[in-house]
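This report concerns only the one structure given below.
The values are calculated or read from the model by the stated rules, or taken from the named source; none is laboratory data. What you see is a predicted model; the values in this text were computed from it and never measured. Counting neighbours? That spans all protein chains shown, and the Cβs are built from the backbone with ideal geometry, glycine included.
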Amino acid sequence: MKITKLTLYKVPPRWLFLKIDTDAGISGWGEPVVEGRADTVRTAVQEFEAYLLGKDPLRIEDHWQVMYRTGFYRGGPEVMSAIAGIDQALWDIKGKYYNAPVYELLGGACRDRLRVYRWIGGDRPNEVASEAVKAYEQGYTAIKMNATEELHYIDSFDKIDAVCRRVAAIRDALGSKLDIAVDFHGRVHKTMAKVLARELDAFHLMFIEEPVLPQNNEALREIARYTPTPIATGERMFSRWEFKTLLEDGYVDIIQPDLSHAGGITECKKIAAMAEAYDVAVAPHCPLGPIALGACIQLDTCTPNVFIQEQSLGIHYNKGGELMDYLKNPEIYQYKDSYIGLITEPGLGVQINEEKVQEAAAHAGTWKNPIWRNYDGTVAEW
């Protein structure tokens, strides 16, 4: 069996799909994308195309090593996301070739079901209590929300207090029935992160996410002294070599590798195994599309230290396209009591409606994250 063709589709709301065809009539799908850099990742995938054409798609580890190691300059979000999407598609082909879900090829299931959480609020969260109640009524037992708008290096305590009021409103409405994660989104600088983390302790959060940007991970040591709340990070880290130092330092409780950014299933399985050795939990990052989620679920099913999965159904970014829109089998993503069952179809288990993808790709725009500024005109983290 040989690879014969790579086809890329940029589709709303902000996704890039990859289809890899073979001469055996088996095709695989992947989702190589950096949100806001889809065209750059498209070019990176195309640069790997000449190498991949004519190759055996089942030699996944060898292809991963070639794509990563034979470039003198390696790593980074665009290249690792390109590798990730290719890797997902190759695993999809391999599973279909052996008529088995990918997790069966990675050691088999270690769980019977998988817990998921729902996003509420938007980039500037406001009336989150009503959305939390709605999520609870839909059967979710865990939600995540952005913490705050832009924050300067040192900013007003009024903004900290506003975050606490929003979380308090959820607790007032639902008590402890709903687990709450608060995403600092890397938009909070070290000093304000310490203050915010401490003030949020009273609400017994499931975790705080990305309290500082990954390039400032050394600050996690100090932040951890201010809060017993579990600290999660990792969505903007792209290989096991980046996670190595984070795990060795010992201040993170949950890592969040993104299977469309951090080298795909092959690399993220290794990252999760490293985390298990440090007694650290895994909650894969996935505010993306159906192929990325399918890859996550395959990994989650055979990875014991995964405890919850992000998914994008209803997320505020999904304007012009939703999680189920491009699927022939949307029933695989049916959530019951905040859990999803195991996927039993071969490969990633995701059946893509290519005709609908082609139609959407014909009018896909280019998503970019907003540019924020602080009250004094300086650029703020988004």
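The table that follows gives values for the structure above.
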{"read-out": "Positions within region 171-195 being farther than 24 Å from W382 by Cα and buried (at least 16 other Cβ atoms within 10 Å of the Cβ), in sequence order", "value": "R171, L174, L178, D179"}
{"read-out": "Some residue of region 353-360 being more than 20 Å from the chain's Cα centre (by Cα), part of a loop (DSSP other than H, G, I, E, B), closer than 30 Å to D300 by Cα and at pLDDT 95 or above", "value": "yes"}
{"read-out": "Pair list, Cβ < 7 Å and 6+ apart or interchain, from region 94-117 residues that are free of Cβ contacts under 8 Å to residues at least 60 places away in the same chain to residues that are crowded, with 16+ Cβ neighbours inside 10 Å and among the basic types (K, R)", "value": "L105/K94"}
{"read-out": "Subset of region 63-79 (residues that are assigned to a helix (DSSP H, G or I) and farther than 24 Å from L105 by Cα)", "value": "R69, P77, E78, V79"}
{"read-out": "Every residue from region 328-352 that is under 28 Å from K177 (Cα atoms) and of a type in the set (S, T, N, Q)", "value": "Q334, S338"}
{"read-out": "Test: residue in region 264-274 that is out of contact with any strand residue (DSSP E or B) (no Cβ under 6 Å at 6 or more places or on another chain), assigned to a loop (DSSP other than H, G, I, E, B) and in contact (Cβ under 8 Å) with a residue 12 or more places away in the chain", "value": "no"}
{"read-out": "The one condition in (1) on the phi > 0 side of the Ramachandran plot; (2) assigned to a helix (DSSP H, G or I) that G139 fails to fulfil", "value": "(2)"}
{"read-out": "Selected residue (only one of V167, V182 is of a type in the set (V, I, T), more than 30 Å from D23 (Cβ to Cβ) and not in a helix (DSSP H, G or I))", "value": "V182"}
{"read-out": "Qualifying residue in region 69-81 (condition: closer than 25 Å to Q351 by Cβ and of a type in the set (F, W, Y))", "value": "no"}
{"read-out": "Subset of region 326-382 (residues that are β-branched (V, I, T), touching a residue at least 60 places away in the same chain (Cβ under 8 Å) and farther than 30 Å from M192 by Cβ)", "value": "I340, I343, T344, V350, I352, V357, T366"}
{"read-out": "Tally, over region 42-62, of residues that are closer than 23 Å to A24 by Cα, touching a strand residue (DSSP E or B) at 6+ places or on another chain (Cβ under 9 Å) and in a helix (DSSP H, G or I)", "value": "5"}
{"read-out": "Condition broken by E248, with the remaining ones in (1) surrounded by 18 or more Cβ atoms within 10 Å (Cβ to Cβ); (2) acidic (D, E); (3) in a helix (DSSP H, G or I) satisfied", "value": "(1)"}
{"read-out": "Region 302-342, subset crowded, with 19+ Cβ neighbours inside 10 Å and aromatic (F, W, Y), residue nearest to A283 (Cα to Cα)", "value": "Y333"}
{"read-out": "Scope region 92-131; condition out of contact with any strand residue (DSSP E or B) (no Cβ under 7 Å at 6 or more places or on another chain) and either among the hydroxyl-bearing types (S, T, Y) or part of a helix (DSSP H, G or I) (or both); matching residues", "value": "K94, Y97, Y98, Y103, E104, L105, A129, S130, E131"}
